[in-house]
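Here is the structure we will look at, set down as structure tokens.
The values are calculated or read from the model by the stated rules, or taken from the named source; none is laboratory data. Being a predicted model, the structure only gives us computed values, none of them experimental. Backbone-built Cβ (ideal geometry, glycine too); neighbour counts: all protein chains shown. When the accessible area is computed, the model is the full protein with side chains, heavy atoms only, and any ligands, DNA or RNA have been set aside. Shrake-Rupley method; radii C 1.70, N 1.55, O 1.52, S 1.80 Å.
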Amino acid sequence: MLDYTLPLALHVLAAIIWVGGMFFAHMAVRPSVLALAPPERLPLMRAIMGRFFAWVWVAIITLLATGYGVLLLGYRGGFGGGGPYVDAMQGIGGVMMALFLYLFFAPWQSFKNAVAAENFPKAAGHMARIRWIIGVNLVLGLITAAIGAIGAFVVG
């Protein structure tokens, strides 16, 4: 069996970046910027989220490469050798990635266009949708992190 310590560490770090970033955006940044007027708040959120989403892309690529690398190289039986907790992480992670793809290519693009056009009421509507998707993904990410942390111990 190959040593998969480094890929597993990178996998965990990528998950921390994505889930931690969502927690920070949802629980710290948003409440802090609500005091700003939309013409100040929404361009700021565009800048913050634009930088964060670049890191999410890196995290997703890292999660896929390291997750499947560890699964295929680190477990006997490849895809079938990881156990039910690994299957749960794959399934939830797939839903999270699908939600991010939708968020990035639909409401995020519309939000950026509305901010650029200084249509702040429209931008605020798109930001509400983005916030909702991030909230769902945050819950899913926290559940997945808990499964990853205790899954092997529960399964045995």
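When only residues in the range 126-141 that are of a type in the set (Val, Ile, Thr) and within 16 Å of residue 20 (Cα to Cα) count, which is surrounded by the most Cβ atoms within 10 Å (Cβ to Cβ)? Once the filter is applied, the top-ranked residue is 134. Of the residues making up the range 113-125, those that are open to solvent by 40 Å² or more (accessible area, probe 1.4 Å), in a helix (DSSP H, G or I) and not aliphatic (A, V, I, L, M) number 4. Restrict the check to the range 5-15 and report whether at least one residue is under 17 Å from the mean Cα position of the chain (by Cα), under 14 Å from residue 96 (Cβ atoms) and hydrophobic (A, V, I, L, M, F, W, C). Checked the range 5-15: at least one residue is under 17 Å from the mean Cα position of the chain (by Cα), under 14 Å from residue 96 (Cβ atoms) and hydrophobic (A, V, I, L, M, F, W, C). The listed residues are 35, 54, and the only one of them that is open to solvent by 50 Å² or more (accessible area, probe 1.4 Å), free of Cβ contacts under 8 Å to residues at least 60 places away in the same chain and not in a helix (DSSP H, G or I) turns out to be 35.
One residue stands out in the range 66-79 among those that are open to solvent by 60 Å² or more (accessible area, probe 1.4 Å), part of a helix (DSSP H, G or I) and farther than 23 Å from residue 146 by Cβ: the one that is modelled with the lowest pLDDT, namely 73. Of the residues in the range 51-67, at least one is under 25 Å from residue 125 (Cβ atoms) and among the basic types (Lys, Arg). In the range 13-31 there is at least one residue matching the filter, namely being in contact with a Ser or Thr (Cβ under 6 Å, 6 or more places away or on another chain), open to solvent by less than 20 Å² (accessible area, probe 1.4 Å), modelled with pLDDT of 95 or more and closer than 16 Å to residue 148 by Cβ.
Scanning the range 80-103 for residues that are open to solvent by less than 20 Å² (accessible area, probe 1.4 Å) and at pLDDT 95 or above, we see that the one that is farthest from residue 154 (Cα to Cα) is 103.
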